[in-house]
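Shown next, in structure tokens, is the structure this report addresses.
The values are calculated or read from the model by the stated rules, or taken from the named source; none is laboratory data. In this text, all values refer to a predicted model and were calculated from it rather than measured experimentally. Positions of Cβ are generated from backbone atoms using ideal geometry, with glycine treated the same way; all protein chains shown enter the neighbour counts. Areas reflect the complete protein model, heavy atoms only, side chains present, ligands, DNA and RNA absent. Shrake-Rupley method; radii C 1.70, N 1.55, O 1.52, S 1.80 Å.
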Amino acid sequence: MASNLGELLLREKLITAEQLKDALGYERKNKVSTSSALVALGYISEEEMAQALSRQMGYPYIDLSQFEVYPDVINLIPADIAKKNMIMPIHRIRSFLTMAMVDPTDLDIIENVRFRTSLSIQPVIASESGITDAINKYYGSSDALKVKEIINEIEQAEDGSVNVIEEQEEEYSIEELVHSTEEAPVITLVNTIFVDAVKKGASDVHFEAYEKSFRVRYRIDGILHEMMDLAMKFKNPVISRVKILSNLDIAEKRLPQDGRLKMRVKLGEDQRKEVDMRISSVPTIFGEKIVSRILDRENLQLDLSKLGFEKQTLDIFQEAIKRPWGIILVTGPTGSGKTNTLYSAISNLNSQEKNIMTAEDPVEFYMAGINQVHIREEIGLNFSSALRSFLRQDPDIMLIGEMRDYETVDIAIKAALTGHLVFSTVHTNDAASTIVRLINMNVEPFLIADSLALVVAQRLIRRLCKKCKEEQKLSPEALVDIGFSPEEAKEVKVFKAVGCGRCNDTGYKGRVGLFEVMEIEDEMKTLILSKALPAEIKKIAMKKGMLSLRGSGLCKIKEGVTTIEEVLRETIRDSEVEV
């Protein structure tokens, strides 16, 4: 039926005879459809093709992202048939099935679906990318489909491809456990889950055991999504397989364990990606919970200008990291992007003239030209001992993964006061609270005032998907309530998340930082010496022009980068400040 499509496009004068000949040759060589060949060669766009087919054949052209398809309709056509033929079932009324197609001239496909479903087929036209997005949305990605097939294979096996381990702790057999993890379906299932997670851009994979279920979730753009709910028979083999891969003791189920593994993931025909994974096992009342942290170097953004700093805060931050000495602290909860910010800073400073040393627990990414030390508490190598050793190594710049205790802070302050630039992190809610946190660790206020140069508080919020975001109409009063001025509320454009195939139907794609950068200048030092409260410190800092976390979020809303919901989720409104 390919020639019908080609002749139709020729009549529309959208392609030439020579271009059609090239496309047919490309089709045979690459085993793709005529429509895919024409688009791949750049002779016609998907939109132009769909509109031409609609005009010539009288079939309506539809935007699949605007349709909601029910499961009973999806189940009429298997996923492999939909993907192979680029078709998507849309709607069923009695004996009629409305089906979206790229090429409605292909009568073989229509006849095949009619035979499979025993329904009369009513074709409509959609673009190839639209159908691909819909297939991924309703059927799942190819890796997710592979997982389902593996699960079905295991569950339908008469002799049971997986050995079920008894729940009673004293009755399980190590030999049986090891044997169950070496069976092909379990190996393929675990590998496919990890590959699917990497392809989806997940930062973590959670394997969670409950009383009557075994759940797998991915954290994508900071939000957990349930990907599958497995039968209990999968629990022990899957958890044991992950533990074996990361060199953990599968016989030890009572104590937490930490491990690491490296995976090479095939993304396409000639594209591969290597990722590190940090594995953490924790015993729960219903079995072990495993969390795999995916460390993808390609997701490490080392360009300071792309992290999300507003121009005024970026200028202050870049000026501070060029100082010859002092302490620069980055604060925020776990998973707020502190490590990325620190890596970006020291990468910016990395040169042959600088001796840069880091103490990390653990080292997340390896960076050329920087001496990185992995903290190992079990042998006495902690932050304070590593920092003490660094001072004997003639460092220019030091990075301490976290300031957890007085001893570490004390050594860092002494290093800063003797000509070293020190970077580190602290867990506090905002920049002003960091001062009080240090004082609570029994550090003298005068030492804080003399050594501290800058405090950065940060959070990560999700970016709106550029493809499907839509403008949202809100009253000026609502906008003022979240922090906009009355003047801004009258002019600002606000967008909302919608969802499409590109963003896994979430409305968001990627993340960006919110930053609160507080300089420690003379007036701030006076406040530190007087042990001022965080609210007073923040008030003075904002009077001097500091942009708060909420203020940074409002800037992102104005720029159309994110939604109001994301900013409200991660920040609180600032108290009224007289500026």
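Data overview
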read-out: Per residue convex hull volume, Cα atoms of the stretch 209-252, in Å³; value: 98 Å³
read-out: 4 °C / 1.567 mPa s Stokes-Einstein diffusion coefficient of the stretch 460-579, Kirkwood radius on C-alpha pairs, µm²/s; value: 82 µm²/s
read-out: Kirkwood hydrodynamic radius of the stretch 316-383, Cα pairs, Å; value: 13.5 Å
read-out: Cut-off 20 Å (backbone N to label point 7 Å along Cα→Cβ of Gln393), residues of the stretch 297-312; value: none
read-out: Cβ charges +1 (Lys, Arg) and -1 (Asp, Glu), total dipole of the chain, debye; value: 1080 debye
read-out: Translational diffusion coefficient (Stokes-Einstein; Kirkwood radius from C-alpha pairs) of the stretch 239-367 at 10 °C, 1.306 mPa s, in µm²/s; value: 90 µm²/s
read-out: Arg463, Arg264, reordered so the largest accessible area comes first (probe 1.4 Å); value: Arg264, Arg463
read-out: Alpha-carbon centroid distance for the pair the stretch 290-333 / the stretch 517-579, whole angstrom; value: 18 Å
read-out: Cα-based Lys pair tally, the stretch 508-579, threshold under 19 Å, eight or more apart or on separate chains; value: 8
read-out: For the stretch 384-498, convex hull of alpha carbons as volume per residue, Å³; value: 175 Å³
read-out: Degrees between helix 534-543 axis and first principal axis of the chain (Cα, 0 to 90, nearest 10); value: 80 degrees
read-out: Residue-count net charge about Gln257 - beta-carbon cut-off 15 Å; Lys, Arg +1, Asp, Glu -1; value: +3
read-out: Where no second cysteine Cβ lies under 4.7 Å, the cysteines concerned in the chain; value: Cys555
read-out: Exposure ranking of Asp106, Asp80 by accessible area [1.4 Å probe, largest first]; value: Asp80, Asp106
read-out: Formal net charge of residues neighbouring Ile461 (Cβ-Cβ distance under 13 Å; K, R +1; D, E -1); value: +3
read-out: Principal-axis tilt of helix 338-349 within the chain, Cα atoms, nearest 10 degrees; value: 70 degrees
read-out: Rounded to the nearest 10 Å², the accessible area of Asp410 at probe 1.4 Å; value: 30 Å²
read-out: Square roots of 5 times each gyration tensor eigenvalue, C-alpha, the stretch 389-438, largest first, Å; value: 21, 10, 10
read-out: Inverse mean reciprocal Cα-Cα distance (Kirkwood Rh) of the stretch 433-525, Å; value: 16.9 Å
read-out: Euclidean distance of C-alpha centroids, the stretch 52-76 and the stretch 404-429, integer Å; value: 61 Å
read-out: Charge dipole (the chain, unit charges on Cβ, about Cα centre) - positive-most of Gln271, Val330, Phe207; value: Gln271
read-out: Rel. contact order, % - alpha carbon contacts under 8 angstrom, at least six apart, the stretch 305-394; value: 17 percent
read-out: Relative contact order [Cα under 8 Å, 6+ residues apart], the chain, whole percent; value: 9 percent
read-out: Rg followed by Dmax, in Å, when the chain is reduced to its Cα trace; value: 28.8, 84
read-out: Quarter of the Cα convex hull surface for the stretch 338-438, i.e. its orientation-mean projected area (nm²); value: 6.6 nm²
read-out: Pairwise FRET efficiency - Glu444 versus Glu521, Cβ, R0 = 25 Å, nearest 0.05; value: 0.80
read-out: Probe 1.4 Å, all protein chains present, accessible-area order of Thr506, Thr418, largest first; value: Thr418, Thr506
read-out: Scattering curve values for the stretch 61-133, log₁₀ I(q)/I(0), Debye with Cα scatterers, q = 0.18, 0.23, 0.24 Å⁻¹; value: -0.61, -1.06, -1.17
read-out: Other-chain or far-sequence residues with amide H under 5 Å of Leu295's (modelled H); value: Asp276, Met277, Arg278
read-out: Probe 1.4 Å - accessible area at Asp394, Å² to nearest ten; value: 120 Å²
read-out: For the stretch 1-77, convex hull volume per residue from C-alpha positions, Å³; value: 119 Å³
read-out: Gained length - Glu111 relative to Arg264, 0.36 nm times residue gap less alpha-carbon distance; value: 50.9 nm
read-out: Cα lying deepest toward the dipole's positive end in the chain, options Leu387, Tyr406, Ser45, charges on Cβ; value: Ser45
read-out: Heavy atoms of Lys467: accessible area, 1.4 Å probe, square angstrom to 10; value: 120 Å²
